[in-house]
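For reference, the structure is listed below as structure tokens.
The values are calculated or read from the model by the stated rules, or taken from the named source; none is laboratory data. Since the structure is predicted, the reported quantities are computational estimates derived from the model, not experimental observations. Here the Cβ positions follow ideal geometry from the backbone for every residue, glycine too, while neighbour counts run over all protein chains shown. We work out accessible area using only protein heavy atoms, side chains counted, and drop any ligands, DNA or RNA first. Shrake-Rupley method; radii C 1.70, N 1.55, O 1.52, S 1.80 Å.
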Amino acid sequence: MAEIAKLTLDGKEYEYPIIEGSEQEKAIDISKLRAQTGYITIDPGFKNTGSTTSAITYLDGEKGLLRYRGYSIEDLADKADFLGVAYLLIYGELPTQSQYDEFVGKIRRHTMVNEDMRKIFDGFPVNAHPMGVMSSLVSAMSGFYPESYSKSDMDNIDLHIVRLMAKLPTLATWCYKKSQGHPINYPNNNLDYCSNFLHMMFALPVEKYEVDPVVSNALNKLLILHADHEQNCSTSTVRLVGSSQANIYSSISAGISALWGPLHGGANQAVIEMLEAIRADGGGVEKYLNKAKDKNDPFRLMGFGHRVYKNFDPRARIIKKAADEVLAALGIEDPVLDIARGLEEAALSDDYFVERKLYPNVDFYSGIIYRALGIPVNMFTVMFAIGRLPGWIAQWLELRNDGQAIGRPRQIYTGETVRPFVDIENR
Ligand code: ACO
């Protein structure tokens, strides 16, 4: 017999169906609750609320599992390349060789950005944070592809997807080049995705730049690890904006803004800043652990804790190993890595962190690798955005294809009840 949930309200009993996912996760379907009872549910931060069903990413925070379309993150990080993973997320299956060649070929051909976008970009001050610039430029892209405004423009959707995938790295490197006072590099479409990004970032007109395969492989892995993470803050933002049938560029731009926050993608920047502060303070971790535990101190251990993972974040395991390998291969000794290791060890044996199931998250070690690859701190979250792009696209597409209703939560009003207007001289 189908399982149901029973609810008693004001002496009346109501029944709600149970929805079960393919991994046996269960939800009470309350979509008829308000119509039947007049009540709504309240769940600040949506800790218990499923906003959608989705066939893209599965994660089990208790067991520390993460899979894209059924494939484990460990397998994908080990065996796939980022564009193959992007194809998997967006179109549902790993590409055949010809599908892969076509997808990659199109992305290679669309890496250039309309020159008029430069005029918009040039108006930003040199010290503007690249996440704000990226969000603005992606939003501006909609103006260059006005056919995207039409809600029925799903015929061109593959082209919009290719444009976003191809141009985001180009835009990202503009931000870096401007911050350095260097000329921007045009893309080199003979290079693969990661190598082309590194070339646009680091090549200078005055000398030859060779992409180090250690660096491009590490970047490929980092992008895969960040590619999707189901209904997190930025993805939910992309879906919410997309649910109003706003175009894909505006929706992704909103996702970039959401990712910027230090409690989300901005944590990778905050981690390095925290580790640097500890180093400048003599390297001892005890003081910072105590600050993190002190409820009167707003300080949190950045890169620790996760809304969903109450066990090790599987991405953190892969990144920690990759950080060791990359630093060894590049011959880099980073004192901050030792501080990170010491902090992790101390936190994992501290009751406060153990009781609250606070483990290192994906961002705890990613900044250390980015730094080793020569990527400056204020670009870390931009790297996350490049990685997360296929996830945002896949989720946006799924929302559209499922024909989901506009996202519009309700509230419980706690303000003043009706009162007479007071003229200004009497206030
Ligand atoms: N340092 C110290 N204490 C922490 C930390 C932390 N990093 N994270 C959570 N806690 C404590 C909270 O104070 C709370 O304690 P209490 O029960 O005594 O009140 C308890 O652990 C639960 O924390 P919540 O804030 O309720 O957990 P939530 O799921 O809302 O937050 C979050 C998750 C935002 C990631 C949080 O752990 C945090 O702020 N971490 C630091 C920022 C960070 O690394 N963000 C990146 C997340 S991964 C990503 O977005 C890619």
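Points to keep in mind about this one:
- Normalised by the number of residues in segment 199-296, the average gap of Cα pairs under 8 Å and 6 or more apart makes the relative contact order 14 percent.
- Gaussian network model of the chain, Cα within-10 Å springs - most flexible of L66, L204, L164: L204
- Distance from segment 292-330 to segment 1-74 (C-alpha centre basis), Å: 28 Å
- Normalised contact order of segment 163-204, rounded percent, pairs of Cα under 8 Å and 6 or more residues apart: 40 percent
- Per residue, in Å², the accessible surface of segment 23-89 once ligands and nucleic acids are set aside, probe 1.4 Å: 60 Å²
- Maximal additional length on extending the L159-D350 stretch stands at 63.7 nm, based on 0.36 nm per residue less the C-alpha distance.
- Each residue was assigned an accessible area with a 1.4 Å probe, and for C175 the value is about 20 Å².
- Furthest towards positive pole of dipole, V113, L223, M302, structure part the chain, Cβ charges: V113
- Summary of packing: across the peptides 408-421, 292-305, 130-143, the per-residue average of other C-beta atoms within 10 Å ranks them, highest first, as 130-143, 292-305, 408-421.
- For V326, the solvent-accessible surface computed with a 1.4 Å probe is close to 10 Å², ligands and nucleic acids excluded.
- Pairs of Cα atoms in the chain fall into 20 Å distance bins, from 0 up to the last occupied one, in shares of 23, 53, 21, 2 percent.
- Violating pairs (Cα-Cα greater than 31 angstrom) within the set K47/K106; K178/K221; K178/K310: K47/K106; K178/K310
- Rounded to two decimals, the Cα-based Rg/Rh of segment 122-251, with Kirkwood Rh, is 0.99.
- Taking the protein heavy atoms of the chain in the context of the full set of protein chains, the accessible area attributed to carbon and sulfur is 51 percent at 1.4 Å.
- By the rule of a C-alpha distance below 23 Å, with chain neighbours fewer than 8 residues away ignored, the lysines paired with K177 are K119, K167, K208.
- Residue-count net charge about I252 - beta-carbon cut-off 12 Å; Lys, Arg +1, Asp, Glu -1: +4
- Taking every Cα-Cα distance in segment 1-79 and sorting them into 10 Å bins starting at zero, the pair-distance distribution P(r) comes out as 14, 37, 28, 14, 5, 1 percent.
- Across the chain, the mean sequence separation of Cα contacts (distance under 8 Å, 6 or more residues apart), normalised by length, yields a relative contact order of 19 percent.
- Between K357 and Y209, the distance separating the two model label sites (each 7 Å from Cα on the Cα→Cβ line) works out to 4.4 nm.
- Charge tally around E23: other residues with Cβ under 11 Å, Lys/Arg +1 each, Asp/Glu -1 each, net 0.
- Ranking by accessible area, most exposed first, for Y16, Y100 with a 1.4 Å probe: Y100, Y16
- For the pair T417 and N114 in one chain, pulling the backbone fully straight at 0.36 nm per residue adds 103.8 nm over the alpha carbon distance.
- Of the residues D228, D43, D81, the one that moves most in a GNM of the chain with alpha-carbon contacts below 10 Å is D43.
- Its DSSP H runs of at least 4 residues, each contributing -39,500 (n - 2.57), put the calculated 222 nm mean residue ellipticity of the chain at -16000 deg cm²/dmol, to the nearest 500.
- With 0.36 nm allotted per residue and the present C-alpha distance subtracted, the E93-Q36 stretch has 16.5 nm of extension available.
- Spacing of the two label points (7 Å from each Cα toward its C-beta) at E425 and D43, in nm: 5.4 nm
- For segment 110-181 and segment 193-263, distance of Cα centres in Å: 12 Å
- When nucleic acids and ligands are ignored and a 1.4 Å probe is applied, K6 ends up with an accessible area of around 130 Å².
- Residues of type lysines that K287 reaches as a straight line, Cα spacing below 21 Å, ignoring anything fewer than 8 places off in the same chain: K295, K357
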